[in-house]
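Here the structure comes first, spelled out in structure tokens, and everything after it is commentary.
The values are calculated or read from the model by the stated rules, or taken from the named source; none is laboratory data. No experiment lies behind these values; they were computed from the predicted model shown. Because the Cβ atoms are built from the backbone with ideal geometry, glycine has one as well, and the counts that use them run over all protein chains shown. Calculation scope for accessible area: heavy atoms of the full protein, side chains included, ligands and nucleic acids excluded. Shrake-Rupley method; radii C 1.70, N 1.55, O 1.52, S 1.80 Å.
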Amino acid sequence: MNTSNNMLLKVENLQVVYKARRETVYAVNGVSLSLKKGETLGLVGETGAGKTTTAYAILRVLPDRTAKVVNGTIEFEGKNLLEVPENLMRHGIRGEKIAIIFQDPMSALNPIMKVGDQIAEALKFHNKEELSPEKIEEQVDRTLELVGIQKERKYDFPHQLSGGMKQRVVIAIALVCEPVLIIADEPTTALDVTIQAQVLAMIDELREKLGTAMILITHDLGIVAQMCDNVAIMYAGEIIEIGSVEEIYSGKMQHPYTTGLFGSLPDLEKKTDRLYPIEGLMPDPTDLPTGCKFNPRCPRCMDICREVQPGFSVEGTHRVACHLYGGGTGRETDE
Amino acid sequence: MFMGKKSSRSMSPLQETIYRFSQNKVSLIGLAVVILLLLVIIFGEFVTPFENGVKQNIRIRLQGPSAEHWFGTDAYGRDIFTRVLHGTKYTMMIAFPATFIAEVIGIILGACAAFYSRWFDNILMRVLDVFQAIPGQLLALAVVAALGGSIFNLVIAMLIARIPASVRTARSIMISLVGQEYIDAARSYGSRDYHLIFRHVIPNSLGAMIVSMTINLSAITLQVSSMSYIGLGVSPPTPEWGALLSEAREFIITAPHMIIFPGIAILLTALSFNLVGDGLRDALDPRLRD
Amino acid sequence: MIKYIIRRLIVLIPIIIGVTLVVFTILEMTPGDPAKMMLGDGATLEQFQAFNAKFGLDKPFVYRFFNYILQLFTRFDFGTSWLTSRPVLDTLKARVPITLIIAVSSIAFASIIGVSLGVISAVKQYSKLDYISRLTAMILAAVPVFWLGMMLAILFALKLGWLPSSGTGSWKHYILPMMTLGLPYSARILRSTRGYMLEAVRQDFVRTARSKGVPERVVIWKHAFLNACLPVINTIGVYMGGLLGGAVVTENVFGCNGLGSFIINSVKRKDIPAVTGGTVFLAIIFALILLSVDILYAFVDPRIKARYTAKGAK
């Protein structure tokens, strides 16, 4: 495979574990995904599927005492981020080229720092153009206006802002250095429903204006359909289905888990009497089942599913890891 | 994050606490020392009779540690090991009752403040503000100034110095408990206040209170010895540790062993109470563990 | 802000009255007749009556108490010593600076050591340095202050001869008291700083700072530490009470003629007005320290500052 010119990020076989006292949590188990410049990828799955861990691994902000990347490569602009020394990660990449929007704006901002200073901080440490303090202030003002906050509010402390405004500030922090990749980690779950739509629309608009690529982490398939080019469905630390939005929503193949996710989504066009949430719970990440990780909950589970881990069945750009589509034919084994 | 609860699933909270405490080696050492100290009080006479610590023998005065006198001898030729060993009970005689009574008063006043009218709580808090505006050591000094130094008066002094903190701790624990939903639930199906206090609030606050008690024991051990040291507590010839050190002052150059051993006794006692307290706190609430 | 400080100063008045009442009541329980204690059994009836009249002891408790409060607030009069017949305040004025030097130098010493080691200990959690400083802190927190003082005196004054072991002549005389009182409190401050710091580094905003590409040094000190500072300041304020009590004992160990040894000597000589005056004075100092801690707190934390200024504006 050759990296084409507009390939931005290519994650291969990423594996992350957390080591607790006596247990090992297998959080990410061989995730591979790629992203072109300006593209938006939705990373979908339940809580605990390993979405956030994947994101933190890309930025290398995992808690370094407990978390460990045991395998894989993260290629970003041709460099393997897992091998970049920490100081170069900090100088050229983290916050400058890749930025993240965190889930909970209530706790993501430093309570004793003015929000303007928090936005400016990112700029100051990545000040390649040697901007003067006035220029930095200008840039902060511009970014604040971009996210729809009056620039006078930069002297406010976080506790003086509403939840939606705090999230706008968090977004401003991510945008201020004009990164090429934004990772948005469930950017709206902590917000009121009415504000959610506003913030999402704003993110989408800004992303398009700046031509930034984005990984949007969410558990909401509705948001994905609205905003993404491609979708990756994660389950128990693995990507079980990946493809373009059309392929995922109306492709020939569909992973039973994806079907389940759609089943738990109200459909406005078809009149359904009830929703069909997926039965059961996500498996214990310290003790994952053999074979397909979804088999204990799968309504279409077969004998083979309990023993052999399915590989991807490919159709165009659409890939599904399920035995229903002959996936048994072999997936590159990770071990 | 995904801590396995398999091992603790079938255990009661008490068993779970004991289990977690038993996993903590440092705290177990602390507990062992505390038990050892209690055994010394009971069986000290068999180890070395008190007589050895009273018997004066000028010919062997101010001798350093030897096989015969492990901790050496003092200015009157008395065996310091015996005096330190028997000194244990004076510290405990003051520390235990003072801590226990302070805690009981704390629980009672704390429960009243948490449960009953706001004005009682307000008045209590103002009174506590006043008491806590006086450093504990000075409050104890004032009591001794008025009543004189004796073991009983020291208990009173320590009580008065400690009650404000005990009440405050108990009150904050109980207020946080009363705010919880199961109390409202119990109230909603008609539980009476005293039932709530004795069945829910006190049992649930006990753990935290025991932790504060062990920490208090350590603080009182230190405070009692310093009162005796400055000559306002138990006075020589009673072999209370602080009093031993007070006697030893003038021999700081000639016989430093007189200073070292009683000090280590105080240090070990205070340390082991602290270790037990820390271990209990971690065992009761593993989230607080560092 | 100034309005807030003034309001807090006004709140101090009832506290001081309360403190005086407590000290008065406790000392009132002294058994025996003060005149007899001071003048001895050999004195004449006239001498007794004169003594009682001079110190107002012929008046009832309530009168004496209110008179004391009145004198305290109007003339800053802390009573008259039974022993020397001189105003207690005169002695206090001479002795308070010594106590303040000891208390302030030791809290500064304890804070610098405790806070910096506490932060490093938390950042390098489970490292060798963390274990060693935690172990040392655990032991130091259980050391009796006066014993530590004696041990330091043996080491630095008697064996090494570097420092004087008693008196208050030069700055060198204050080093041993500072270490004696400071070391146990540095241990306590280390432990709480470490705890708050561990909490702070796990906060989301610290991760935000890191994700911005801010250098780790800035993440730790500017983001995590400044936030952990708030509870640490509070804890140090709470420790001040114990530290002032410890200063009394430390002065005794090193023969410093401060407020502490004045109180101890007055207790031994049953000079009740001197004990009252000394204790009330020290309580006022303590209250002022707590007040400045609160103000400092409000100064660092914009949330609290906002609350106070908002209230103050009303």
Euclidean distance between Cα centres, segment C:166-234 to segment A:103-150, Å: 28 Å
Heads up, segment C:94-269 by the C-alpha gyration tensor (a ≥ b ≥ c square roots of eigenvalues; a/c under 1.5 rounded, else a/b over b/c prolate, else oblate) looks prolate
Calc'd 3J(HN,Hα), segment A:299-313, phi into Karplus 6.51 cos²θ - 1.76 cosθ + 1.60 (θ = phi - 60°), Hz, glycine/Pro = x, comes to x, 10, 5, 10, 4, 4, 4, 7, 10, 10, 6, x, x, 7, 9
Given the options C:Ile304, C:Ile220, C:Ile189, which has the most mean-square fluctuation in a GNM of chain C, springs set between C-alpha atoms less than 10 angstrom apart? C:Ile304
Given the candidates B:Asn122, B:Leu154, C:Leu72, the one whose Cα lies deepest towards the positive end of the charge dipole of the protein assembly as shown, counting +1 at each Lys or Arg C-beta and -1 at each Asp or Glu C-beta, is C:Leu72
Where does helix B:80-115 land angle-wise versus the long Cα axis of chain B, in degrees 0 to 90, nearest 10? 20 degrees
First obtain the Kirkwood hydrodynamic radius of segment B:19-288 from its Cα pairs, then insert it into the Stokes-Einstein equation at 10 °C and 1.306 mPa s, and state the resulting D in µm² per second as a whole number. 78 µm²/s
Positive-end extreme of charge dipole, chain B - chosen from B:Ala270, B:Gln56, B:Val26 (charges on Cβ): B:Val26
For residues of C:260-272, the mean tally of beta carbons on other chains within 10 Å: 3
Which number do you get for Rg(Cα) / (2.2 N^0.38 Å) in the protein assembly as shown? 1.17
Compare B:His69, A:His159, A:His91 by solvent-accessible area with a 1.4 Å probe and give them largest first, with all protein chains kept in place. A:His91, A:His159, B:His69
In terms of the alpha carbon gyration tensor, root eigenvalues a ≥ b ≥ c, rounded if a/c is under 1.5 and otherwise prolate when a/b exceeds b/c or oblate, chain C is oblate
Count, for each residue of A:94-103, the Cβ atoms from other chains sitting within 10 Å of its Cβ, then give me the mean as a whole number. 3
Measuring from its Cα centre, segment C:94-269 shows a charge dipole (+1 at each Lys and Arg Cβ, -1 at each Asp and Glu Cβ) which, in debye to the nearest 20, is 240 debye
Set the Förster radius R0 to 41 Å, insert the Cβ-Cβ distance between C:Arg217 and C:Leu100 as r into 1/(1 + (r/R0)^6), and round the FRET efficiency to 0.05. 0.70
Vicinal HN-Hα couplings computed from phi for segment B:243-254 (Karplus, 6.51 cos²θ - 1.76 cosθ + 1.60; Hz; Gly/Pro x): 5, 4, 5, 4, 4, 6, 3, 6, 9, 4, 8, 7
Charge dipole (debye, nearest 20) of the protein assembly as shown; +1 at Cβ of Lys and Arg, -1 at Cβ of Asp and Glu: 2300 debye
How big a patch of accessible area, both sides summed and in Å² to the nearest 100, lies buried between C and A at a 1.4 Å probe? 2200 Å²
Inverting the mean 1/r over all pairs of different Cα atoms, compute the Kirkwood radius of segment B:161-290 and quote it in Å. 17.6 Å
What translational D, rounded to a whole number of µm²/s, comes out for segment C:2-77 from Stokes-Einstein when the hydrodynamic radius is the Kirkwood one over Cα pairs, at 25 °C and 0.890 mPa s? 168 µm²/s
For segment C:188-292, state which trypsin sites (Lys or Arg not before Pro) are in a DSSP loop and have at most 11 other beta carbons lying within 10 Å of their beta carbon. C:Arg202
Looking only at chain A, where both bridge partners belong to it, what percent of the DSSP beta bridges are antiparallel (to the nearest 5)? 65 percent
Under 1.5 on a/c is rounded, so check that first for segment A:42-177, then, if it is not, pick prolate when a/b is larger than b/c and oblate when it is not; a ≥ b ≥ c are the square roots of the alpha carbon gyration tensor eigenvalues. oblate
Log entry: pair-distance distribution for segment C:134-236, C-alpha pairs binned every 5 Å from zero, whole % per bin is 2, 12, 16, 14, 12, 11, 10, 9, 7, 4, 2, 0
Plugging the Cβ-Cβ distance of A:Val193 and A:Glu46 into 1/(1 + (r/R0)^6) at R0 = 22 Å yields, to the nearest 0.05, a FRET efficiency of 0.65
Quarter of the surface of the C-alpha convex hull for segment B:29-105, i.e. direction-averaged projected area in nm², equals 6.3 nm²
Averaged over peptide C:199-210, how many Cβ atoms belonging to another chain are found within 10 Å of each residue's Cβ? 6
How far is helix B:13-22 tilted off the main Cα axis of chain B, in degrees rounded to 10, range 0 to 90? 30 degrees
Using θ = phi - 60° and the Karplus form 6.51 cos²θ - 1.76 cosθ + 1.60, what ³J(HN,Hα) does each residue of segment B:267-275 get, whole Hz, x for Gly and Pro? 4, 4, 4, 4, 4, 5, 4, 4, 5
Subtract the Cα-Cα distance of C:Leu45 and C:Gln71 from 0.36 nm times their separation in residues, and report this length gain in nm to one decimal. 6.5 nm
Ignoring ligands, DNA and RNA, how do A:Val169, A:Val69 rank by accessible area with a 1.4 Å probe, largest first? A:Val69, A:Val169
Give me the percent relative contact order of chain A, please, defined on Cα pairs under 8 angstrom at least 6 residues apart. 20 percent
Greater than 21 Å separation of Cα atoms is the criterion. Which listed pairs, A:Lys10/A:Lys51; C:Lys36/C:Lys268; A:Lys97/A:Lys154; A:Lys51/A:Lys124, meet it? A:Lys97/A:Lys154; A:Lys51/A:Lys124
Which far-off residues, 5 or more places away or on another chain, put their amide H under 5 Å from the one on A:Ser313, with H placed in the peptide plane? A:Val320, A:Ala321, A:Cys322
From the alpha carbon gyration tensor of segment C:223-314, can you work out the equivalent ellipsoid semi-axes (sqrt of 5 times each eigenvalue) and give them in Å, largest to smallest? 36, 17, 7
As an exercise, identify the chymotrypsin sites (Phe, Trp or Tyr not before Pro) in segment C:38-94 lying in DSSP coil whose Cβ has no more than 12 other Cβ atoms within 10 Å. C:Phe76
Once Lys and Arg get +1 and Asp and Glu get -1 on their Cβ, which of A:Gly92, A:Met227, A:Ile171 lies farthest toward the positive end of the dipole of chain A? A:Gly92
Distance between segment B:100-138 and segment A:304-327 - C-alpha centres, whole angstrom: 68 Å
Dmax and Rg, reported as Rg then Dmax, of chain A (C-alpha, Å): 20.6, 67
Of the trypsin sites (Lys or Arg not before Pro) in segment B:132-224, those whose Cβ has at most 12 other Cβ within 10 Å and which sit in DSSP loop: B:Arg192
Largest fluctuation, C:Ile295, C:Ile264, C:Ile154 only, Gaussian network model of chain C with Cα springs under 10 angstrom, belongs to C:Ile154
Between segment A:180-215 and segment A:228-259, what is the C-alpha centre distance in whole Å? 21 Å
Of C:Gly182, C:Gly114, C:Gly161, which is the most mobile in a GNM of chain C whose springs link Cα atoms less than 10 angstrom apart? C:Gly161
If each residue of separation counts as 0.36 nm, what is the full-extension length gain between C:Leu12 and C:Lys128 once their alpha-carbon separation is subtracted? 37.2 nm
At a Förster distance of 25 Å, what's the computed FRET efficiency of B:Ile108 paired with B:Ala185, Cβ-Cβ distance as r, to 0.05? 0.50
What order do you get for B:35-41, A:212-218, C:224-230 when each peptide is scored by the mean count of other beta carbon atoms within 10 Å, highest first? A:212-218, C:224-230, B:35-41
Rounded to the nearest 10 Å², what accessible area does B:Val167 show when all protein chains are kept and the probe is 1.4 Å? 0 Å²
Measuring from the longest principal axis of the C-alpha atoms of chain C, the long axis of helix C:272-300 (C-alpha) lies at a number of degrees, nearest 10, equal to 20 degrees
